[in-house]
Protein chains: 2
Amino acid sequence: MLKGNILIAQGGGPTAVINESVVGVILESRRLCNGNKIYGARYGIRGILEENFIDLSQETSHNLELIAKTPSSVLGSTRDYPSDEYCEKITYILQKHDIKHLFYIGGNDTSRTLNIINKKSSEIGHNVNCIHIPKTVDNDLVCNDHTPGFPSAARFIVNIFMGINLDLQSLPGIYIGVVMGRDSGFLTAAAALAKKYTEDGPHLIYIPEHAFCIEEFKKDVKDAYKKYGHCVVAVSEGIKDKDGNLIAKTLCNTNNCDQHGNYSLASVNNTLSEFLCSEVKKEFADEKIRLRAETLGLAQRSYPESISDVDQREAREVGEKAVKFANKYGKSGSVAIERTGFYSVDYNFVDLEKVAGKTKFMPSNFFNADKKWVTNDYLLYLRPLLGSKMPEVFKLRKN
Amino acid sequence: MLKGNILIAQGGGPTAVINESVVGVILESRRLCNGNKIYGARYGIRGILEENFIDLSQETSHNLELIAKTPSSVLGSTRDYPSDEYCEKITYILQKHDIKHLFYIGGNDTSRTLNIINKKSSEIGHNVNCIHIPKTVDNDLVCNDHTPGFPSAARFIVNIFMGINLDLQSLPGIYIGVVMGRDSGFLTAAAALAKKYTEDGPHLIYIPEHAFCIEEFKKDVKDAYKKYGHCVVAVSEGIKDKDGNLIAKTLCNTNNCDQHGNYSLASVNNTLSEFLCSEVKKEFADEKIRLRAETLGLAQRSYPESISDVDQREAREVGEKAVKFANKYGKSGSVAIERTGFYSVDYNFVDLEKVAGKTKFMPSNFFNADKKWVTNDYLLYLRPLLGSKMPEVFKLRKN
């Protein structure tokens, strides 16, 4: 049984399945809490600082099951980047409320914050088991085969590019779609799964891991358009030039960074798509072609009707496992997903230090930079994550 | 039984269910064609001009059923705006191939084209039954309660705004989403169905039917943000000022019109969302708030995983009914949807002239311009069209 009170919080960007993890923690905590309190912090770490708690023992398990299937962070989230002092204040608040288990669901920044709180809490002599539960649509947490939230975002991206390709085959032209992903290309690369017939788009994929060159891009797009009669391109918002500078940032004069030092791509993504569009336009001088560039927005992480059931299942399990690990090992750590078969997973409990603040990139066997296309390894990696009942598209056969 | 050969074409923007109509025509024609040919024209009216036909007798009915569930126009479409001369050429091609029945699926521009072909064909003495089959995500065809394609686009919009609202409740801020709809606000207004709890967004809706004033807009948004702690807004791409000028057009120097004289909103929608965003930003001077403006793109009419089953059924039926009407009445006309109950429909066969090139607007009992919000009449009108298995979202109850 767990000693002391329990606190749950959600950090960073919401996903379609992060509430599964919250509910996984709540239900398993109810079983093991031995009558102690189970709190939720509103708006992440800030809710702890402001002692903005909600008593999670009150909610019916029936409503919790419905919340689990609802996208976005039901407790609210935050982009706060806590200083050491901020984290120290938090540990005193944890002490005040006799909180001995802190479950924090999030990505690299969240795990970094939790790692600081973990150290501070030992310093002040109020030991808290700080358990990090993985979540990020970027899929860029180390020690994890993949992270909850990514599969559902990928499913949305596949749907988008499936539909877009059909639209562009019907009314031929060029389409450029800008996809989420600051450092890692996993989500942009997911667009590849939308391709069914040989002539289908997307035809080209650009990810942050490989230097982006606008001249090469223009040539690639023109060649594909000439070859297939239409051209669909997926571009990561995080593409960088050969010196590692964000293309989106080089286009703007602003220095719009959040507290984590992350440049706010969301505010300049239209600039990126407009830039790519106008550059491609130059290649076609007098030729009148249909040309569209779009920035795929917040829906990538919150669309209610395209949630992967595999993602739901795993997001629930990392929540439940977090409580089991806390109970069994009585120490801090991070829950991590390991792939054990085609397709099966198991969960590990790894040192917080190993995950905290680190970034995973697309491995080299997943992407062919010359072809601007994914490898079969990546197709095999992603397909089972998309879940069951994926839409399929069909065409008329040749006479 | 139908005399002479049969030709099917699709016009204008694709939708998620337009292939249901094609398949409805093909399967019913196969039953009634008396051994005559059933052709499809590739890329709409242009395919007729170029005699780019496909023999639709060859395809298996099994594959046709799968194509019916695939979004976008399987025969290809066109934005060509045919002149009288163009239409006359077409009638000679129809004569050459002994085509006596032309089924053309599309919106106002498509019905206008078909009306010209209808007249030209009598002039040259080769009578063709020109049957218009309704389709448009804009829902702006007269004589129709609603049009196939609109319900599925509306379902996508409801999903988008459901997810966006949850995202903005989790990480508070302001969100402005620009929705398709050149003249009529039906699709933008669909966002209202995403609201479940009182505090939920969207909080404000702006449609082309009511003059848009930027000062009023800024005040509305600020007030809603102060009241609810977050603010979600749906804005039609077709909003106009009090003199009827498109706001998007007033922001750009270009005169980017298609052959129909329609200003290309797609190419300037980012300009509109950026403009609204920067204007709202001014209201908050030094206050740091999360502010996003997005243009919802082509996915609105092509997303494969959010298709209304009611829309599928009706799109199939208008195709099948078109052939039945042609067979029964042996004359040109347009298939129209009439609502006969809550919820049921029946189909009418109306004069082409009545529908051709005309535009339907949101009726006054559907929208409250002062409140920037839909009426209960509109909620009741739209809800059954969205179809079954709509996602629902849930929250934690107050302690």
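Residue count for the range B:283-316, restricted to those that are at pLDDT 95 or above and more than 14 Å from every other protein chain (Cβ to nearest Cβ): 6.
Only one entry of A:Leu168, A:Leu204, A:Leu193 meets the criterion of being more than 22 Å from B:Gly13 (Cβ to Cβ), at pLDDT 95 or above and touching a strand residue (DSSP E or B) at 6+ places or on another chain (Cβ under 7 Å), and that entry is A:Leu204. Does A:Val142 satisfy the condition of being more than 30 Å from B:Ala16 (Cβ to Cβ), within 11 Å of chain B (Cβ to nearest Cβ) and either open to solvent by less than 10 Å² (accessible area, probe 1.4 Å) or in a loop (DSSP other than H, G, I, E, B) (or both)? Answer is no for this residue. Taken as a whole, the structure places B:Met362 among residues that are touching an Asp or Glu at 6+ places or on another chain (Cβ under 7 Å) and either within 30 Å of B:His101 (Cβ to Cβ) or not acidic (Asp, Glu) (or both). Looking for something within 23 Å of A:Asp309 (Cα to Cα) and within 14 Å of another protein chain (Cβ to nearest Cβ) - is there at least one such residue anywhere in the range A:44-58? Looking for residues that are within 23 Å of A:Asp309 (Cα to Cα) and within 14 Å of another protein chain (Cβ to nearest Cβ), one finds none in the range A:44-58, hence no.
Beta carbons closer than 7 Å, at least 6 apart along the sequence or on distinct chains, pair a first residue in the range A:10-25 that is more than 12 Å from chain B (Cβ to nearest Cβ) with a second that is open to solvent by 10 Å² or more (accessible area, probe 1.4 Å) and in a loop (DSSP other than H, G, I, E, B) for A:Val17/A:Ile307; A:Ser21/A:Lys135. Just one of the listed residues (B:Pro82, B:Pro71) is of a type outside the set (D, E, K, R) and away from chain A (no Cβ under 14 Å), and it is B:Pro82. Is it fair to say A:Gly319 is touching a helix residue (DSSP H, G or I) at 6+ places or on another chain (Cβ under 8 Å), within 14 Å of another protein chain (Cβ to nearest Cβ) and modelled with pLDDT of 95 or more? No, not satisfied.
Just one residue in the set A:Tyr343, A:Tyr303, A:Tyr378, A:Tyr329 is open to solvent by 40 Å² or more (accessible area, probe 1.4 Å) and touching a Phe, Trp or Tyr at 6+ places or on another chain (Cβ under 7 Å); that residue is A:Tyr329.
Here is a yes/no grid of residues against (1) aliphatic (A, V, I, L, M); (2) surrounded by 21 or more Cβ atoms within 10 Å (Cβ to Cβ); (3) touching a His at 6+ places or on another chain (Cβ under 7 Å); (4) more than 14 Å from chain A (Cβ to nearest Cβ):
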residue	(1), (2), (3), (4)
B:Phe361	no, no, no, yes
B:Leu385	yes, yes, yes, yes
B:Lys389	no, no, no, no
B:Asn399	no, no, no, no
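For A:Ser267, the conditions (1) modelled with pLDDT of 90 or more; (2) facing another protein chain (nearest Cβ under 9 Å); (3) open to solvent by 40 Å² or more (accessible area, probe 1.4 Å); (4) over 20 Å from A:Met162 (Cβ atoms) are fulfilled apart from (1).
The values are calculated or read from the model by the stated rules, or taken from the named source; none is laboratory data. What you are looking at is a predicted structure, and each value in this text was computed from that prediction instead of being measured. Every residue, glycine as well, gets a Cβ built from its backbone with ideal geometry; the counts of neighbours run over all protein chains shown. Note: areas computed on protein heavy atoms with side chains; ligands, DNA, RNA excluded. Shrake-Rupley method; radii C 1.70, N 1.55, O 1.52, S 1.80 Å.
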